[in-house]
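To keep things clear, I will list the structure first and then write my remarks on it.
The values are calculated or read from the model by the stated rules, or taken from the named source; none is laboratory data. Bear in mind that the values here come from a model prediction, so they are computed numbers and not experimental data. All Cβ positions, even for glycine, are placed from backbone atoms using ideal geometry, and neighbour counts span all protein chains on display. In case anyone asks, the SASA skips ligands and DNA or RNA and just uses the protein heavy atoms, side chains included. Shrake-Rupley method; radii C 1.70, N 1.55, O 1.52, S 1.80 Å.
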Amino acid sequence: MACPSRARAPRRALLLRLGLVATLTCAWRAPAAAEESYESVVVTGPDDDPDADAGRASSSVDRRDLDRRLPRSTPDALRYEPGVFVQQSAHGQGSAYLRGLTGQQTLLLFDGIRLNNSTYRQGPNQYFFTLDAHAVRSIAVTRGGASTRWGSDALGGVIAALPLEPSTPPTGTAVSPRLFARGATADRERGLRLQLDLTTVTAAGIGIGFVGGFGARRATLLHGPPVLNPDRSTDAGALPWVPRYKEYDPTLPFDRQPTLSTQLGTGFDELTGDGRLVLQLREGERLTVAGYAYREYDAPRTDQCPPPTASYDQCLTYEEQFRHLAYVAWDGRLGAIAESARATLSWQEQHENRRLDLPAANLVGHGVDTVETWGVTLHAATVPLAVADGVAATLSYGADTYFDWVRSQARHAYTDTGDAVAESRGQYLDGATYTYGGLFTDLSLAPGDRVEIDGGARLGYAVAHARGDPASGTAPVDRRFTALVGHAGVSFAAAPPLTLLANYDYSFRAPNLDDMTARQQTGPGFQFENPRLHPERAHTFEAGGRLKTVALVADLWLFETLLVDAITKVAMSATDCPPSTPQCTGSWSRFQLQNSPSYSELRGVEAAARLRLPYRVSLRATVAYVWSEGPRQGSVAEGVYGVALGDRVPLSRTPPLHGTAEFAWTHASGVSAGGGLQWAAAQRRLAIADYTDGRIPKYGTPGFAVVHLRGAYRLDTDLVVAIVVENLLNASYRFHGSSVNGAGRGLIVHLEAGHWL
Amino acid sequence: MESRASLALVGVIASLGLSCTDDNDRTGDQTTCIGPNELVGQPACGAAAYQEDVSACLHAATDYEPRQLTADHNGWPACIADDDAWHLIGAGPPAAVSRSLAFEAMATKLWLNPCRPSPADFLSARDDYSTPEGLASRVARRQDISYPEVPGDDKFACGNQGIPEAYPDRCAGPAKLKPLIDAAFQRGSEAVEPLSQAARIEAALLWFFYLSMSSEIWTCGFNNINDCDSAAGYYTQITPRDAPAGLAVYVAAVGPETHQRIYDALLAARCWRDIDQAMPATPAFVGYYDRAQAQLAKAALRGVALILRQRVGEILCAGGEARAAHVAFVEVLGGLLDHAASGIAGGAAASLRVFTASPTADPSAVAAAQAAIDTIFTCP
């Protein structure tokens, strides 16, 4: 049973690929991945990747991309994808922007199971970081709304990771122990993973496969040259508020500072473990039992370690950031009405233990939040049905539901007296529940050879319940939301190899428990709950063209997203703070999420191209731009740097114009070389919330260009040595909205050794 | 005005209720009063009485005085503060207001608590003090801008490791106030001389509010223009001048005209930031900034000195632990005020220093100390 060829996928795969077709047909992966030519993995779009969405603006990263680029994390693996912009609030965090949206406005999936839960917050979050990149086979990115298939949150797009699968053995039974070792100089990263791949396949094709492993990693303080305020002639100072540097001498003027490099508030430890058991019951049917554990320890949040102007020893640290995921999945066939079907039953736990060191008050605070999520998904697709002469139709349909149970506590203690105080509520309301899901269907029509049309709809729902907390003046929440959303699209093979595509998507995001119950210190200020929110909705209009020849594959997309009732941070007055919340009134700035009174808008362009040249050389480039605007809500004082204060203002943390370029060359001997360029223009269009956000320099984030060199040697499947010289020119750079500067010049070394027994 | 301010103080006390069965534990346990607070409800103290008379004082010709605008506004252009009211620069009240409110909440649990403050009271007050982004966070970064800046070009250098120890005068918050307050909370939680610990906390925080006014006006020029709102927030929670709150209650109670002069000076700063709304402030208008700061320094120092003067007198009127509390207050505030006093009148300051370093209940020593204060801080 081999993976499907890379022939053009039918458009209906739009609905099925991520969780169904790819999983089913690629149940076993080929162990001899190196058999494919190196350059073939430099992909640009769905035509090169079975995991990507053929009819949508999409791309994907596969295992070999990861091995070549050697990303520091799963989010980091997306940096070369068109239209993806990865922000980092900490060294041990990462959040991908899709079309200017991130966090709760994008959807994260793992093997078709939602990672998003009801505590995903507005703005960047760290949760995609809690997937171990070693356990990932590929990551598909679909840009633009996708609620029809995936439900709430999929406004900006979907990031869908697929897990490593057991290998197909060359003979009946095979075992492959493997060792992965990794090191990097910029943060003294040291990592190790032991992995076992074991498969037995009978002559009838029934077999058992297992792949799993465990690993550990430690990264210390990250080195990288400082990003400077672009206008140093002003009193904003040469250095942005964050990060601070170990070498910094406050008694010296900036031009006499020692070399600033070591960023405080960085570093983390990591433990991972995973196991995936696949029972191939018969042809086309299999049962998967899988478990994934990710545990990150002692990861400081860089922009809070210390916060702007605070004492050097104040710090917010994620002492524990865990994700545990276990599920059972059945893939099979149930006749013509369910030619392919998949059912999953999942359990997931997201756990955070935050520690706030506040030496100014001799105080240590702890916040512990745990979200357990149970999920059930069912979906299936019919065989192609002849609905008219020459017109084939495929119907897919399904249902999913998830249930979150939130536990949340907070306490603080004084380090000098030992006095401890349990707070009446945590970041969330303890015992809160959130149930969400829906029913969906999608119809794909192929009226002829050149046109494909599809459309679908979802009836989604969400039910939130939380008891109030009178001691903190928190109102109870008992809300129900329903939404009917849908999409339609067409692709037209206008002049092969050119295909034109157009889509309209109507997606939604129901307010979650974070929106309606959370109180927390965020980057821009203290954010408090709004239990009266209603869903935000996104109309996405996109048009694209895809050119595919033997040598050139190129995508170009234009999009317009209109957010209706967009949920945005609104600057509030201290008098608006909830009662009994002195940390709100005391904060330098305060925010509440509110529905915008009029539409918000994001529009932009994304392009990607890959050129295959002779001598096994390939080139790839991407570029993306997003422009955003929404109604002005709240205010800041006149005269502040950079902030536009018209009736309509930029949305917060919108990525600047940015892009990438890569080249790769490989030789039949197994030697390969390449390089990558990441660049971004300056972002000076700041939102009101950006001004009080220590992560964003007061004059906006400067542009940058950073170059990486790569080399690797692969000896069949037994040995891989890969090296990346990152930031060759030691450029100062920071992805807009990030707390950390990019790593300085250094080496990343990856070693993989194993053998098939 | 004096009577209004006094009424405000009485009101705060009255709002506590007369019962000693207050909620002394933030967990909600009702505890009984462990004894009366001898500081609360004392009869008027003759030695502490003071009738402010500044009729002989002449104001600088460049002072901003919106209460009595001259034809040429003493050289100030017309500005938003000319109507004698504070107009917020920011979109809403600054966080400084909530810190001042936290101070008042602490007062009800400690120095204005009709019961002797218990360890639970100290813990509850410490929670008010330690709220993230609250008083403690600002005490730990407060600078005394009457001292030279830390070398270099980092305006917030006091937040860096080793700097408060190296520059304790400039970094007065972390170097001087924080250790005082922390120690007082710690000993209070151990039930060691609770009234004295409460008095130390009160004195240190009053000095913090004093420092905050000028410090916020300083940062208002280059960091955040809203900081001028904070200056007024720290002084009086941005209430109208005839409704003082926070530190202003203390000042208005002992020196009503001094309170008015402080309010004038704060409005001068507001006027400066109306004349010059640029961020950072325009060097060409720095003269207005200098005038406002000078006006504020003179008036605010006198305001704090009058508070000290009153407490010096209270030493004679109290006994036992209450007297010890007044002594503790005078030691703390007197020590903090010494540098400024020395800069104005060295001889009198030395005399005052002798007393505040070791306050006694000797009537002649008290009178001498009060006379020294009157000499040094003659006019607001």
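Brief remarks on what is shown
- Cut-off 10 Å between beta-carbons: net charge of the residues surrounding A:His755, Lys and Arg +1, Asp and Glu -1: -1
- Check: the stretch A:94-166 dipole with +1 on Lys, Arg Cβ and -1 on Asp, Glu Cβ, in debye: 240 debye
- Each Lys and Arg Cβ is given +1 and each Asp and Glu Cβ -1; about its Cα centre, the protein assembly as shown then shows a dipole of about 2660 debye.
- Longest DSSP-loop-exposure-free segment, GluC sites (Glu not before Pro), chain A, at most 14 other Cβ within 10 Å: A:284-637
- Each of B:Ser358, B:Pro174, B:Tyr288 was placed along the dipole of chain B (beta-carbon charges, centred on the mean Cα), and the one lying farthest toward the positive end is B:Ser358.
- When all alpha carbon pairs of chain A are counted in 20 Å bins from zero, the resulting P(r) reads 17, 53, 27, 2, 0 %.
- Karplus 3J(HN,Hα) series, Hz, for the stretch B:127-132 with 6.51 cos²θ - 1.76 cosθ + 1.60 (x for Gly, Pro): 5, 4, 6, 9, 3, x
- Here's how it looks for A:Gly468: its modeled amide H is under 5 Å from those of A:Val477, which are all 5 or more places away or on a different chain.
- Annotation for the stretch A:129-166 versus the stretch A:426-440: alpha-carbon center distance of 21 Å.
- Accessible surface for chain A, divided over its residues, is 33 Å² per residue with a 1.4 Å probe.
- Highest average packing first - A:424-430, A:735-741, A:72-78, Cβ atoms within 10 Å: A:735-741, A:72-78, A:424-430
- Kirkwood-Stokes translational diffusion coefficient of the stretch B:25-131, alpha-carbon pairs, 37 °C, 0.692 mPa s, µm²/s: 176 µm²/s
- Counts of other chain beta carbons within 10 angstrom of each beta carbon in peptide A:355-365 average 6.
- Partner shielding of B:268-280 amounts to 2, given as the average count of beta-carbon atoms from other chains within 10 Å of each residue beta-carbon.
- Stokes-Einstein D (µm²/s) once Rh is taken as the Kirkwood radius of the stretch A:611-757 over alpha-carbon pairs, at 25 °C in 0.890 mPa s: 136 µm²/s
- At a probe radius of 1.4 angstrom, the accessible area of chain B per residue rounds to 35 square angstrom.
- Surface share of carbon and sulfur [accessible, 1.4 angstrom probe, percent] for chain A: 63 percent
- Nitroxide proxy distance, nm - points 7 Å out along Cα→Cβ at B:Ser364 and A:Glu247: 6.5 nm
- In order along the stretch A:291-308, the phi-based Karplus estimate (6.51 cos²θ - 1.76 cosθ + 1.60, θ = phi - 60°) of 3J(HN,Hα) comes to x, 9, 10, 10, 9, 10, 10, 6, 9, x, 8, 4, 6, 10, 9, x, x, x Hz; Gly and Pro are listed as x.
- On the basis of the beta-carbon distance and an R0 of 60 Å, A:Thr185 and B:Asp242 show a calculated FRET efficiency of 0.35.
- The packing ranking, built from the mean of other Cβ atoms within 10 Å per residue, places the peptides A:208-220, B:291-303 in the order B:291-303, A:208-220, highest first.
- Placed amide H near A:Thr522: partners under 5 Å, 5+ positions off or other chain: A:Gln527
- Estimated purely from DSSP H runs of n ≥ 4, each contributing -39500 (n - 2.57), the mean residue ellipticity at 222 nm for chain B is -18000 deg cm²/dmol once divided by its residues.
- Centroid-to-centroid separation of the stretch A:273-312 and the stretch B:146-177 [C-alpha atoms, Å]: 43 Å
- Projecting the Cα atoms of B:Gly233, A:Pro306, A:Gln105 onto the charge dipole of the protein assembly as shown (Cβ charges, centred on the Cα centre) puts A:Gln105 farthest toward the positive pole.
- The Cβ shell under 14 Å around A:His534 holds other residues with a net charge of +2, Lys and Arg each +1, Asp and Glu each -1.
- Peptides A:719-725, A:653-659 ranked from most to least packed by the mean count of surrounding Cβ atoms within 10 Å: A:653-659, A:719-725.
- Virtual spin-label span in nm between A:Thr202 and B:His87, 7 Å along Cα→Cβ: 8.7 nm
- Other residues whose C-beta falls under 15 angstrom from the C-beta of B:Arg142 contribute a net charge of 0, scoring Lys and Arg +1 and Asp and Glu -1.
- Alpha carbon centroid spacing (whole Å) that separates the stretch A:585-633 from the stretch B:183-234: 44 Å
- The charge dipole of the stretch A:369-516, taken about its Cα centre with unit charges on the Cβ of Lys, Arg, Asp and Glu (plus for the first two, minus for the last two), comes to roughly 280 debye.
- Percent accessible area from carbon and sulfur atoms, the stretch B:165-311, protein chains only, probe 1.4 Å: 54 percent
- With DNA, RNA and ligands ignored, accessible area of A:Asp269 (1.4 Å probe; Å², nearest 10): 30 Å²
- Compactness ratio for the stretch A:259-379: Cα radius of gyration over 2.2 N^0.38 Å (N = residue count) comes to 1.60.
- Between chain A and chain B, the total buried accessible area stands at approximately 3700 Å², from heavy atoms with a 1.4 Å probe.
- Chain A: relative contact order as a whole-number percent, Cα under 8 Å and 6+ apart: 13 percent
- Test item: A:251-261 mean partner chain Cβ contacts at 10 Å: 3
- Positive-end ranking of A:Gln527, A:Val553, A:Asn512 along the dipole of the stretch A:475-563, with charges on Cβ about the Cα centre, is headed by A:Asn512.
- Calculated on alpha-carbon atoms, Rg and Dmax of chain B in Å: 20.1, 62
- Rounded FRET efficiency, nearest 0.05, which uses the C-beta distance separating A:Asn353 from A:Arg218 and R0 of 25 Å: 0.85
- Convex hull of Cα atoms in the stretch A:206-328, direction-averaged projection (nm²): 11.1 nm²
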